[in-house]
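Reading through the structure tokens given below for one structure.
The values are calculated or read from the model by the stated rules, or taken from the named source; none is laboratory data. None of these values were measured; they are calculated from a predicted model. All Cβ positions, even for glycine, are placed from backbone atoms using ideal geometry, and neighbour counts span all protein chains on display.
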Amino acid sequence: MSMQEVYRSSVQTWESDQMGHMNVQFYLDKAQAGLATLGHYIGLGPRLLKEKGWVLTARDHHVRFLREQRPGAPFFIRGGIAEIHEDHLVVYEEMINTVSGDVAATFRAEAVLVDGKSRAPLSFPKEALQKAEDVKTDIPAHGAFRGLEMTAPRPAPSLKDAEAMGMVRTYMGEVMPDWCDAHGYMTKRHFMGVVSDSIPNLLAATRGDDRSANSKTGGAALEYRFIYRGAPKEGDLLTLRSGLKTVTDKTYTWCHWLFDTETGNAVATAEAVAIALDLEARKAIPIPREMKAHLESLVIGGLGV
């Protein structure tokens, strides 16, 4: 069956970053809003969820960024359900530029139903699984894995593992109240936001770059995969460790492991394929030979999502 529209809006200036396009965290924010609408379509609307104390959320995300979206761009999201299981639904969404009709981004998520207070997993009601058949869809080729692989997640690493492997500290901070949902848990947008905010520190540590001093070149993500392993709450302290998994002539694959600072337990693992971007031509540029050689010396074996 065809996909259903689940969200419609436009890119706001405050959602854009130093590269002049919508920041990756807001793509996830809008995909989660689309998931809420899909929930409505299968009988899990916001009033029922609030009454039951349930939350419909994602336990992993795969995102492909196909075309950058700049401030003022109108877009909508359409989506459907690719697979139906008692304990999860494989959801597919894609962001479409309203004027051109081009696909700007795609999202694949394993959606789960959890208790809002404890985050314990729940089975989907039979009625919801039956209604999910009405919004079934296939995942098109442009929504499939490309630079990343759909492999089983690695065992959860610890903070000590990351430090022993020589991963770089790229973020430390507290989970702020406005990062959290009504139950006090950090939203998916802010998992991505922490990683996004860490990138200037990562480039400073690995390449000696200061993005604030360079207005001609920057970077852009092509693909992300997130595995959500915990549920940080308001006031929790988080720390991020990052490392280079692979480098090619044009792309880098970074791994990011997010930990609870007090316990050392992983709350998320992620990997991303990124490019260097000419901010004037808005095109990818090759990695200079000397820089590539330096980056290859920083590759850490054994990284993964």
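Working only within segment 276-305, note down all residues that are within 17 Å of THR246 (Cβ to Cβ), in contact with a Gly (Cβ under 9 Å, 6 or more places away or on another chain) and at pLDDT below 85. Across segment 276-305, the qualifying residue is only ALA276.
The selection criterion, being within 30 Å of GLU262 (Cα to Cα), without any contact (Cβ under 8 Å) to a residue 60 or more places away in the chain and of a type outside the set (D, E, K, R), holds for ASN201. Condition test on ARG229, is it of a type in the set (Lys, Arg), modelled with pLDDT of 95 or more and under 26 Å from LEU49 (Cβ atoms)? Yes. Taking the criterion of being surrounded by fewer than 20 Cβ atoms within 10 Å (Cβ to Cβ) and among the aliphatic types (A, V, I, L, M), the residues of segment 228-246 that qualify are ALA231, LEU237. Restricting segment 280-305 to residues that are among the β-branched types (Val, Ile, Thr) and farther than 30 Å from PRO155 by Cα, the residue that is surrounded by the fewest Cβ atoms within 10 Å (Cβ to Cβ) is ILE285.
If you go through segment 161-169 one residue at a time, do you hit one that is in contact (Cβ under 8 Å) with a residue 24 or more places away in the chain, closer than 29 Å to LEU44 by Cβ and surrounded by 16 or more Cβ atoms within 10 Å (Cβ to Cβ)? No, segment 161-169 contains no residue that is in contact (Cβ under 8 Å) with a residue 24 or more places away in the chain, closer than 29 Å to LEU44 by Cβ and surrounded by 16 or more Cβ atoms within 10 Å (Cβ to Cβ).
Of all residues in segment 247-305, exactly one satisfies the criterion of being in a loop (DSSP other than H, G, I, E, B), more than 16 Å from GLY147 (Cβ to Cβ) and touching a Cys at 6+ places or on another chain (Cβ under 9 Å), namely ILE300.
Please verify whether segment 161-169 includes one or more residues that are acidic (Asp, Glu) and not assigned by TED's automatic domain parsing to the domain that holds THR251. So far as segment 161-169 goes, no, none of its residues is acidic (Asp, Glu) and not assigned by TED's automatic domain parsing to the domain that holds THR251. With a requirement of 1 or more residues that are in contact with a Lys or Arg (Cβ under 9 Å, 6 or more places away or on another chain) and among the β-branched types (Val, Ile, Thr), the helices (runs of 4 or more DSSP H) lying completely within segment 124-229 that satisfy it span 188-207.
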